[in-house]
Each structure stands twice: as structure tokens, then as C-alpha cells.
Amino acid sequence: MADFQQIQTELLARVGESTEPRSVLRAPELRELYSGIRDANDKAAYGAQVNELKAQLEAAISARESQLAEVDLEPIDVTAPMDTNAPVPSLLPTEQGTIHPLSRETARIIDIFARMGFVAEQSREIDDQYHMFETLNFPKGHPARDDYDTFMTVETDADGEPLIAPAHTSTMQNRVLKKYHDKLEAGEAIAAIVPDRVFRNEDLDARHEHTFYQLEGVYVAKGVHAGMLIATLQEFLQAYYGQDLDVRVNPFYFPFTEPSFEFALSCPFCKGQDSNCKVCSGEGWVELLGCGMIHPNVLKAADIDPSVYTGFAFGCGIDRLIMMKHQIEDIRHLESAKLDFLEQF
Ligand code: DAH
């Protein structure tokens, strides 16, 4: 016959010391007591004794569990000086976000031009046709207006012309030239860039988005010539791509510049050495931007006398610059909000 008293004393002592007191219910001694019921003379009295022991153990286990749940912490002295060098625990359980590649690269571009003395201005998301076309030497009915696949709104301006979502940052040229007009009288140059969003009603593919970013630049002073245009753009591109690059300048047509050029860059990836290059298709050159000497009519529309002052302007796709820098094959990735793409930057 089991010694109930002894087993009880021992199991209760174990509960009192255990950090997992409930495990005592699985003790072999207890199991033996259960199986002893078969051989007991007075099964009812034996069973009652086992139940009594179990009830005592349960009570002791609950008491021990509450004791363990009470954490013994030092009281906090809220007036104590704090360790300002202690590492600040992160509030974010997972990785932190990163700056979007379009924002980060635009900030770099602004920084490079700022060091060359250009101020940055913003464009707008709705404009009138006077600024988008008229001030840029596209009179009403000019065929080149159709090249711009411009989104029209149902709202109209004072002349009854539909307001538009600007299809190029050149829409800001007239305002920028007027805003900084005083600089010319002070013998300084107007030097401004407009990096901002533009909109075109285009069929979408790997190279075309309806909403994308352009970088407009204008520089006006006395004696500005095309060599300064080419040197400025070459300087910018070398700073942006971090290497010496050859440029190729081809004649082109824009209503707002005369002469006009298209500017190509020696491929920063393969330098013309890879006939399968994804960036230049093996040609060694990538057409990058439009530019030229500002047309006299554009200067006149901003009250600048073209017989005294000359200037250059350029317009470049920011998405295109970034795609070439990081070998991104599809422009649509940039605005896709796909984390696996964005997390690479
Ligand atoms: N606005 C032109 C476009 O979107 C780009 C451009 C070309 C801008 C020549 C200029 C320029 O300022 O001089 O196609």
C-alpha cells in the first residue's frame, strides 16, 4: 500500500520549487497511485484519497503559478538621469522603407544643377494652352501641337480653350523667364530647371507611360551660344553618370528653339561594345533629350529682347535618365508600387 503521506509531502514540495508546476501532475508517483486502485482492498476509500491528493496538488499548482506570474521588477525612478547614448529601440518590427528611386534621383539631378547655379522651379498639373503652346511659338493650328498627345479637360480658360494636363515641362518656360527677368537687368543670367510630372495620352509600353517626369532647363544671358548648351549638358551627364561620356548632337526640330538638336549619349553600359546591350540595342548611342537655342519669339513672349539676349533650353525625360543609370528595362516598373522592384534601391 502506497505511503500517501510521503508522496503528498514530496509532490507538494516539488510544486513549490518548480517553474513549471503543472508538470508535477505527470509525476510517475502519481501515475502509480492511479494504477494502484486495481489492487486496493477498499477501492472507494482509496479513490477518495487519490482525489483528495490531486485536489491539494491542483490548489498548490494554482498558488505557485500566480506566484510565478508576479514579476519582481525594480521600481522605476522616473527622475533618474537618462543615458542619452543608449541605442534607441526600433519602432519598426520589419525593414524600414526607402526613398522612391524617382524622388531620390530627382534630388540628385537638382543637386548637380544647383552646383552649376541653376534654381529649381515646380511645374503644374493643369495649365492653359497659352503657356503649353502659344508662348512656345506654336500658334493656334500649328501642326506640331498634335505631336504632344495632350490630355484636355472639360474646363475652359477665359478664351474658351480647354485647360490641359501639361505634356511637357516647357509649359513653365514663359513663367520662369518672366519671374527671373530682373536678373538680366542686373547683368546676371537666368538659370533655372523645372523637374516635374507631365502627362500624355499615349499607348503604354515598356518605353511609354501616360504620366512621367521631365527635366526642363533654361539659361538666358548676353552672348549665350550653342557651345555653352553642349558643355552644360555634357557636364551634367558626366556628373550624373559618374564617368566621362561622349555626346552626339544631331539637328532636329522644335518650334521653340532655333537651331534645335537631339542629344545622344554614348551608352554608359556597353560603350558600344555589346551588340545585345539592352540599353542601346547595340548601337552604342542613346537618344536622350531635345534642346536648342531659345527661339526669338519665345524670348519676346517673356518681354526679353532677342537682339540683346540669347539663351538655350533643354528638355529631358527623367525616367529615361534613371532607366539608363540602373538598366531598368520597363518604364512602368517605376510607378508600379512593386516592392520587390523598389526594395532594390
Ligand atoms: N518639350 C520637349 C518635349 O517634351 C523637349 C524639349 C526640347 C524641351 C527642346 C526644350 C527644348 O526646352 O529646348 O518633347
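The values are calculated or read from the model by the stated rules, or taken from the named source; none is laboratory data. As the structure is a computational prediction, the values presented were derived from the model and not from experiment. All Cβ positions, even for glycine, are placed from backbone atoms using ideal geometry, and neighbour counts span all protein chains on display. The accessibility values were calculated without ligands, DNA or RNA, using every heavy atom of the protein model including side chains. Shrake-Rupley method; radii C 1.70, N 1.55, O 1.52, S 1.80 Å.
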**Request:** Name the residue, out of Glu134, Glu121, Glu185, that is without any contact (Cβ under 8 Å) to a residue 12 or more places away in the chain and within 26 Å of Ile304 (Cα to Cα).
**Result:** Glu185
**Asked** What pairs come up if the first residue lies in region 143-163 and is outside any loop (DSSP other than H, G, I, E, B), the second is away from the ligand (no atom under 16 Å from the Cβ) and open to solvent by 100 Å² or more (accessible area, probe 1.4 Å), and their beta carbons are under 9 Å apart, counting only those six or more places apart or on different chains?
**Response** Pro162/Met152; Pro162/Val154; Pro162/Glu155; Leu163/Met152; Leu163/Val154; Leu163/Glu155
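Please find, within region 193-212, the residue that is most open to solvent (accessible area, probe 1.4 Å) out of those that are under 23 Å from Ile110 (Cα atoms) and within 11 Å of the ligand (Cβ to nearest atom).
Checking each candidate, the answer is Phe212.
Per-residue answers, yes or no, for (1) of a type in the set (D, E, K, R); (2) in contact with a helix residue (DSSP H, G or I) (Cβ under 7 Å, 6 or more places away or on another chain); (3) surrounded by 17 or more Cβ atoms within 10 Å (Cβ to Cβ):
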site: Thr232; (1), (2), (3): no, no, yes
site: Asp246; (1), (2), (3): yes, no, no
site: Phe252; (1), (2), (3): no, no, no
site: Phe261; (1), (2), (3): no, no, yes
site: Gln273; (1), (2), (3): no, no, no
**Asked** What helices (runs of 4 or more DSSP H) completely inside region 292-343 contain at least 3 residues that are within 17 Å of the chain's Cα centre (by Cα) and more than 13 Å from the ligand (Cβ to nearest atom)?
**Response** 318-326, 339-342
**Message:** Looking at region 172-192 only, could you name the residues that are part of a helix (DSSP H, G or I) and open to solvent by 70 Å² or more (accessible area, probe 1.4 Å)?
**Reply:** Lys178, Lys179, Asp182, Lys183, Glu185
**Item:** Candidates Arg14, Arg38, Arg31, filtered to the one that is of a type in the set (Lys, Arg) and modelled with pLDDT of 90 or more
**Value:** Arg14
**Request:** Just need a number here: residues in region 213-222 that are open to solvent by 30 Å² or more (accessible area, probe 1.4 Å) and under 24 Å from the mean Cα position of the chain (by Cα).
**Result:** 1
